[in-house]
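Below: one structure, written as C-alpha cells.
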C-alpha cells in the first residue's frame, strides 16, 4: 500500500481546518511533520490535493472527490481499532444541535448515552441550522439535530420530533389577556425574533405568510434566552419553541398569546452526511434519538 493512515489523517485534518498549522495541532504533530506528510502523500501519486491561497489551503477538485472516501476509511479503521480493544462503543462523537435542541433536549440525551456507554464521549456544538448543516457537510460533525428545513445534495434528513412555536409576551402587555390575536393585532406589535438562518426563524416566517413583510421586527437576536429577557423587559413580543418557554410560563414571567389560523408546528430533523460511515457510537446515538421520538 503506497499511503498510510497517518497521511490520510493529515489530509482530512487539513481539509477541515484549511490550515496546516491548525491541522497539525489537532493531530498532536509538529507543523513540519504534518507538512512533510501531506507533501509526501501528494508526491507519491503526483497529484495536488489543495490549492494554496495565501495561508489557507482549499481542497482542489480531486481533493473534494477523495475526501469522503478518506473520511470513511479512517472511520472504519477507528471502528476496527475499537473492536480489537474490546470497546465497541467508544471514542468521541461530534454532535451538532441548534439552540433549542442543544439547550433543552441534547444535554439529557448525552447524560443517558454516557450512562449506557461509559467508554464513549460526546462533544456538543450549538449553532443555528445553517451553521450545523455546513459543518455536517464538511465532516466537522458526525451528526446534526436541527430545527430548520434543509435541502443539500450531500446531506440526508430524517424526521425526528414534532415541535411548535408559541407567540409570547410579558404578563403586563396590553394584549396579554386577549383571547385571540387577529392579523391586525400582529401587525401592530413590536417583534423580537431569531436571526435569519435559524430554524426558528424559518418556521416563524412561514407561519406569518401574507403579512410577514409588514411585521414590525425591532430586534433579531441569536439566543433564545436573550429574546426571553427582552420580552420580559417589555421591548416587544417573541415567538420561540414551546420547549424553551415551559419554565417561564410556569413561573409566570412570560405568558402565551393565542394566534389562531396560523401554523407554528414544525418537525425537528436528524441530519447526516450521505457518505458518512456509521461507527458503533453513531449507530447507538441514532438509536437513542429514535427512542426519544417515540
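Throughout, read-outs are computed from the coordinates displayed, never taken from laboratory work. On a predicted model such as this, the values are computed, not experimentally measured, just so you know. Quick reminder, even Gly has a Cβ in these numbers, built from the backbone with ideal geometry, and neighbours come from all protein chains shown.
Pick out which of 37, 26, 90 has the largest mean-square fluctuation in a Gaussian network model of the chain, springs linking Cα atoms closer than 10 Å.
Sorting by GNM fluctuation, first place goes to 26.
If contacts are Cα pairs under 8 angstrom and at least 6 residues apart, what is the relative contact order of the chain in percent?
For the chain, the relative contact order is 22 percent.
In percent, how large is the relative contact order of the stretch 178-294, given Cα pairs closer than 8 Å and 6 or more residues apart?
Result for the stretch 178-294 is 31 percent.
So if I take the centroid of the Cα atoms in the stretch 141-189 and the same for the stretch 204-279, what is the distance between those two points in Å?
Taking the Cα centre of the stretch 204-279 as reference, the centre of the stretch 141-189 is 4 Å away.
Which FRET efficiency value, to the nearest 0.05, is calculated for residue 151 and residue 233 with the Förster distance at 35 angstrom and r the Cβ-Cβ distance?
Rounded to the nearest 0.05, the efficiency is 0.40.
Express in nm, to one decimal, how much length is gained between residue 134 and residue 223 on full extension, taking 0.36 nm for each residue of separation and deducting their alpha carbon distance.
Going from the current span to full extension adds 30.1 nm.
Could you check the spin-label model distance between residue 72 and residue 25? Points 7 Å from the Cα along Cα→Cβ, value in nm.
For residue 72 paired with residue 25, the spin-label model returns 3.2 nm.
Let me make sure I get this right: for the stretch 24-159, a, b and c are the square roots of the gyration tensor eigenvalues over alpha carbons, sorted descending. Under 1.5 in a/c it's rounded, otherwise prolate if a/b > b/c, else oblate. Which is it?
Oblate shape, in that a/c is at least 1.5 and b/c is the bigger or equal ratio.
For Cα pairs less than 8 Å apart in space and 6+ apart in sequence, what is the mean separation divided by the residue count of the stretch 5-84, i.e. the relative contact order in percent?
28
Within the stretch 1-18, list the residues whose amide N lies under 17 Å from a label point set 7 Å along Cα→Cβ of residue 275.
Output list for this probe position: 8-17.
Give me the angle, in degrees from 0 to 90, between the Cα long axis of helix 280-293 and the longest principal axis of the Cα atoms of the chain, rounded to the nearest 10.
10
For a test of the definition: using alpha carbon positions, the gyration tensor, and the 1.5 limit on a/c, classify the stretch 163-265 as rounded, prolate or oblate.
Note, shape of the stretch 163-265 comes out rounded.
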